[in-house]
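Please read the structure below before turning to the comments.
Where a number appears in this text, it was derived from the coordinates with a stated rule and is not lab data. In this text the structure is predicted, and so the values were computed from the model without any measurement. Here the Cβ is made from the backbone with ideal geometry for all residues, glycine too, and neighbour counts use every protein chain on show.
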Amino acid sequence: MSETPSDRRYSIDHIWLQPIGAELVVGITEFAQDQLGDIVYVELPRVGDQLEAGKTFGVIESVKTASDLYAPLTAEVVEVNATLVDEPGRVNDQPYTSGWLLKVRAPDGPAVLEGLLTAEQYVAQTGE
């Protein structure tokens, strides 16, 4: 396993968020993709959709199982990683870089991250 990046925040549902300007990049953690196995399909919301904290915003399917993706915050989807339609395995290969899922804009901006876990807290929780 690679190191959990410290430049982002993490949810208890294994979602990471990285602030880039006024937007937040959203993805799943390496721990999550490792638990899922080979990812074969990713269902994501459309640009303009609203994510609601604690609600599902998509589905990720692997050869083992299908799992709902839970939004760690309320935000508007501003971009979706279209590459994942044809190459869902990027989530396995590069979960913290080219395997990102969405870019969102939160009403409270990056301040919304305050309630999420730091990399150290996430690692302590997962035991990774």
Which label belongs to the value computed from this structure, given these candidates for P(r) over Cα pairs in 5 Å bins from 0, in percent: [x] 2, 9, 16, 20, 19, 16, 9, 5, 2, 1, 0, 0, 0; [y] 2, 9, 14, 13, 10, 9, 10, 10, 9, 6, 3, 3, 1, 1, 0, 0; [z] 2, 12, 24, 26, 22, 12, 3, 0?
[z]
Can you run phi through the Karplus equation (6.51, -1.76, 1.60; θ = phi - 60°) for region 89-101 and list ³J(HN,Hα) in whole Hz, with x for Gly and Pro?
x, 4, 4, 6, 6, 9, x, 9, 10, 6, x, 4, 9
What dipole magnitude, in Debye to the nearest 20, does region 29-121 give about its Cα centre under +1 on Lys/Arg Cβ and -1 on Asp/Glu Cβ?
140
Spelling it out for residue 79: with amide H atoms placed in the peptide plane at 1.01 Å from N, the residues 5 or more places away or on another chain with amide H under 5 Å from its amide H are 103
Given H placed 1.01 Å from N in the peptide plane, which residues other than close sequence neighbours of residue 74 have an amide H under 5 Å from its amide H?
53
Cα-based Rg and Dmax for region 29-75, in Å, come out at 11.4, 31
Given Cβ charges of +1 for Lys and Arg and -1 for Asp and Glu, the option among 41, 54, 6 whose Cα lies farthest towards the positive end of the dipole of the chain is 54
With x for Gly and Pro, the residue-by-residue ³J(HN,Hα) of region 65-76, computed from phi through the Karplus equation 6.51 cos²θ - 1.76 cosθ + 1.60 at θ = phi - 60° and given in whole Hz, is 6, 10, 10, 6, 9, 10, 6, x, 7, 8, 6, 9
The chain: relative contact order from alpha carbon pairs under 8 Å, six or more residues apart, as a whole percent, is 31
Phi-based couplings in Hz for region 12-22 (Karplus 6.51, -1.76, 1.60; Gly and Pro marked x):
5, 8, 6, 9, 10, 10, 10, x, 9, x, 8
Please list, in chain and number order, the residues 5+ apart from residue 40 or on another chain whose amide H is under 5 Å from its amide H, with Hs placed from the backbone.
61, 62, 63
